[in-house]
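Encoded as structure tokens, the structure appears first; notes follow it.
Please treat every number below as a calculation from the coordinates, not as lab data. Just so you know, these numbers come straight off a predicted model, no measurement behind them. Every residue, glycine among them, receives a Cβ derived from its backbone with ideal geometry; neighbour counts consider all protein chains shown.
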């Protein structure tokens with residue numbers, strides 16, 4: 001089945017003002033970002049374009065790709081049995097999504113990258129081949145671990161993440177010169193070897209309830225540090241994700257739910 005282009009160019013490539021207005025939680029729809037389902041340029045089933053709430057374009061979004069897959073399968077393909085498995089083109093590469101059940105979607109997120117130049121970060125290679133270093137924020141030193149899941153991530157470990165000033169720390173690290181393309185920031189509390197609690201600061205969005213690529217990044221770094229096993233549940237404010245990394249040379253598999261909430265009509269006359 002083929003996805004036909006129907007959206008006008010001014011909407012596919014909106015300006016920063018339009019994106020911010022649509023994502024505004026008081027005067028717009030309210031969202032962490034906008035996702036477009038577009039025709040693929042490489043014979044995939046479709047192409048994903050995602051814009052953060054500040055208008056910047058992201059390479060990928062793990063939670064967003066599950067929502068996109070559910071939308072395409074249910075609303076466009078009408079649960080055609082041949083389309084329970086989607087190949088989705090993204091700026092981070094080819095992503096595959098598969099409906100395991102009517103509720104759970106498993107996404108092959110690709111392999112992580114630990115090379116500082118690929119993340120990108122100015123942090124040097126440190127512990128166990130991870131980009132690693134420390135940063136001082138208002139006299140408090142934080143140890144950082146950085147990895148790419150097609151987009152940049154920083155992991156900070158703390159047993160008291162609820163007491164951290166996430167807005168201040170997240171914003172400072174996101175925009176730090178150590179990260180030339182900015183970065184997502186995740187605060188992780190190891191509950192046990194199978195469960196990790198995570199709070200997220202997303203690049204271009206601020207504090208959010210969940211981040212799929214961030215959950216994968218946290219699981220990968222935690223595994224390399226010996227803090228968890230190959231299968232781990234990431235507990236986020238917006239729900240739980242199940243992350244599996246079979247071995248260090250493989251793709252990361254993310255399983256979670258997606259729920260259709262509403263649909264409606266958008267009047268752009270007073271926005272554009």
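For helix 62-71, what angle does its Cα long axis make with the longest principal axis of the chain, in degrees from 0 to 90 and rounded to 10?
Once rounded, one gets 20 degrees.
Just to compare against my own numbers: the Cα pair-distance distribution for the chain, 5 Å bins, whole % per bin, please.
Bin by bin from 0 Å, the calculated values are 1, 6, 13, 17, 19, 17, 13, 8, 5, 2, 0, 0.
Counting pairs of Cα atoms in the range 146-272, how many percent are more than 18 Å apart? Please report the intermediate quantities before stating the final value.
Working: 4374 of 8001 pairs.
Looking at the range 146-272, the distances longer than 18 Å represent 55 percent of pairs.
Largest first and in whole Å, what are the equivalent-ellipsoid semi-axes of the range 2-59 based on the Cα gyration tensor, each being the root of 5 times an eigenvalue?
On the way: eigenvalues 106, 25, 18 Å².
Its equivalent ellipsoid spans semi-axes of 23, 11, 10 Å.
Within the range 203-227, which residues have the backbone N less than 15 Å from the label spot 7 Å out from residue 118 along Cα→beta-carbon, could you tell me?
In the range 203-227, the label zone of residue 118 (backbone N under 15 Å from the point 7 Å along Cα→Cβ) covers 217, 220-221.
Would you please give the FRET efficiency between residue 43 and residue 137, computed as 1/(1 + (r/R0)^6) with r the Cβ-Cβ distance and R0 = 51 Å, to the nearest 0.05? Present the calculation step by step, with values, prior to reporting the outcome.
Details: r = 46 Å, r/R0 = 0.91.
Efficiency for this residue pair is about 0.65.
Starting with the highest mean, order 19-30, 197-208 by the number of other Cβ atoms within 10 Å, averaged over the residues of each peptide.
On the way: 19-30: 14.6, 197-208: 21.5.
Listed from highest to lowest mean packing, they are 197-208, 19-30.
Output needed: percent of Cα pairs per 10 Å distance bin for the range 9-108, bins running from 0 to the one holding the longest distance.
Going from the shortest bin to the longest, the percentages are 15, 45, 31, 9, 0.
Going by average Cβ neighbours within 10 Å, how do the peptides 246-255, 67-76, 144-153 rank, with the highest at the top? Working shown, then result.
Details: 246-255: 15.6, 67-76: 18.7, 144-153: 25.9.
Put in order of decreasing packing, that is 144-153, 67-76, 246-255.
May I ask you to order 92-98, 184-190 by the average number of other C-beta atoms within 10 Å around their residues, highest value first? Working shown, then result.
Details: 92-98: 18.6, 184-190: 23.9.
Peptide ranking by packing, descending: 184-190, 92-98.
From the C-alpha gyration tensor of the range 162-208, pull out the three semi-axes of the equivalent ellipsoid (sqrt of 5λ each), sorted largest to smallest, in whole Å.
Details: eigenvalues 94, 26, 16 Å².
In descending order the semi-axes read 22, 11, 9 Å.
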